[in-house]
Amino acid sequence: MTGVIPNQQIEQMIAQGALSGEPAIIPAQIQPASLDLRLGTVAYRVRASFLAGHGAKVADRLSEFEMHRVDLSNGAVLEKGAVYVVPLMESLALPDGIQAVANAKSSTGRLDLLTRLITDGGTEFDRIAPGYTGPLYAEICPRSFSVLVRPGMRLNQIRFRDGQAVLDDAALRALHADQVLVDGEAVIDDGLGFSVDLRPAQGTLVGYRAKPHTGVIDLDKIGHYDPAEYWEEVHSATGQIILDPGAFYILVSREAVHIPPDCAAEMAPYLAMVGEFRVHYAGFFDPGFGHDAAGGAGSRGVLEVRCHEAPFVLEHAQIVGRLVYEKMSQVPTQLYGAGIASNYQGQGLKLSKHFKTP
């Protein structure tokens, strides 16, 4: 069966040696349609982001760009604005026909922690060709906050595919007619359109903007930090906000979306030529996200937004991204939601799990 590989097949791939770890992969890493990846024991501070390129190994390229090494064994701070490469505990020996794509985990993206996967011979971030055999590395660039990390922390995740199973617009319309993928009108154009909510049902709070000078965030501390020390509230009574160049915002989608158990989805930019801002860092939506049987009843998507060249007016209901749906090769035996203590089922506007709930 072609499609995105579910948790039970990921377990088979581990048993067959296609996925391995040192130390061994643990069950808690296995998600409904992806595998969490763990940081190793050393971070290489590098002069600049890089890709290995055809025929080259990341380890060899590190010697060109390395400035110094940071021992993570007892915890270490990755500084805001710096670029690090961290060898991961996992490695791959993918069968022919099985490709992989990586993305930051939700909590990673909500901290503006740019985390991308690089591989030997790689010419793209976060994309791994069928049959790849070799190590994995995370490139980490903290954009808004310095972070304290330790070995074994899971900042990004990897999803495996057998062939291609992206639903075209006709299939997506049929699925929406049968399953109701979004409350309200479904805007379907190369995926399911996602718009921004700047007219909340109650009050005027529409989002959060990262403060420029803050303390370190220890990624092991859950529900620990006061949001006011790290974030400014963004209010609007007019249904619009002006994005400042270089600033990072947490906003929320107007739509409550639903990922059926036999599908997975990934958020993608709406229009590449709209260069004023970028939406989303953490792009994977698991089977069961917003699904009734998994405790969802529709969940809104949190939007991680960074403005680029010029101040930009963002308006209520403006489409800012799209969800690309894919079929699973099999329905996962575990779904996103209550059964696996997922952090963001049924969410609205919500900061990462490290912050106290306002």
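The values are calculated or read from the model by the stated rules, or taken from the named source; none is laboratory data. What you are looking at is a predicted structure, and each value in this text was computed from that prediction instead of being measured. Glycine gets a Cβ as well: all are built from the backbone with ideal geometry, and neighbour counts include every protein chain shown. Ligands, DNA and RNA are excluded from the accessible area calculation, which covers all protein heavy atoms including side chains. Shrake-Rupley method; radii C 1.70, N 1.55, O 1.52, S 1.80 Å.
Entry for region 11-78 at q = 0.26 Å⁻¹: log10 I(q)/I(0) = -1.07, Debye formula applied to identical alpha-carbon scatterers, no solvent contribution. Please identify every one of the GluC sites (Glu not before Pro) in region 140-247 that sits in a loop by DSSP and has no more than 13 other beta carbons within 10 Å of its own beta carbon. Those satisfying the criteria are 185.
Projecting the Cα atoms of 170, 6, 355 onto the dipole axis of the chain, where Lys and Arg carry +1 and Asp and Glu carry -1 at the beta carbon, places 355 farthest toward the positive end.
Quick check for me: using +1 on Lys/Arg Cβ and -1 on Asp/Glu Cβ, what's the dipole size of region 48-150 about its Cα centre, in debye to the nearest 20?
340
Contour minus end-to-end for residue 356 and residue 183, with contour as 0.36 nm per residue of separation and end-to-end as the Cα-Cα distance?
Numbers: separation 173, 0.36 × 173 = 62.28 nm, distance 2.89 nm.
That pair, residue 356 and residue 183, stretches by 59.4 nm at full extension.
The three principal axes of the Cα atoms in region 127-227 give end-to-end lengths of 52, 48, 21 Å, sorted in falling order.
Placing unit charges on each Cβ (+1 for Lys and Arg, -1 for Asp and Glu) gives the chain a dipole about its Cα centre, and among 19, 160, 260 the Cα reaching farthest toward its positive end belongs to 19. Close amide H contacts of residue 147 (hydrogens built in the peptide plane, cut-off under 5 Å, sequence separation of 5 or more or a different chain): 78, 80, 217. Set the Cα radius of gyration of the chain against 2.2 N^0.38 Å, with N its number of residues, and you get 0.96. Amide H contacts under 5 Å for residue 300: 257, 347, restricted to partners 5 or more places along the chain or on a different chain, H placed in the peptide plane at 1.01 Å from N. Quick check: from the Cα gyration tensor, does region 100-159 come out rounded (a/c under 1.5), prolate or oblate? It is prolate, given that a/c is not under 1.5 and a/b is the larger ratio.
The ellipsoid equivalent to the alpha-carbon distribution of region 40-174 has semi-axes of 28, 19, 13 angstrom, derived from the gyration tensor eigenvalues as √(5λ) and listed largest first. Between the amide H of residue 254 and those of 195, 196, 197, distances stay under 5 Å, these residues lying 5 or more places away or on another chain, with hydrogens modeled in the peptide plane.
Estimated from helical segments only, the mean residue ellipticity of the chain at 222 nm is -2500 deg cm²/dmol, where each DSSP H run of four or more residues counts as -39500 (n - 2.57).
Whenever you get a sec, compute what percent of the accessible area on the chain sits on carbon and sulfur atoms (1.4 Å probe).
Here it works out to 49 percent.
Projecting the Cα atoms of 235, 146, 98 onto the dipole axis of the chain, where Lys and Arg carry +1 and Asp and Glu carry -1 at the beta carbon, places 146 farthest toward the positive end.
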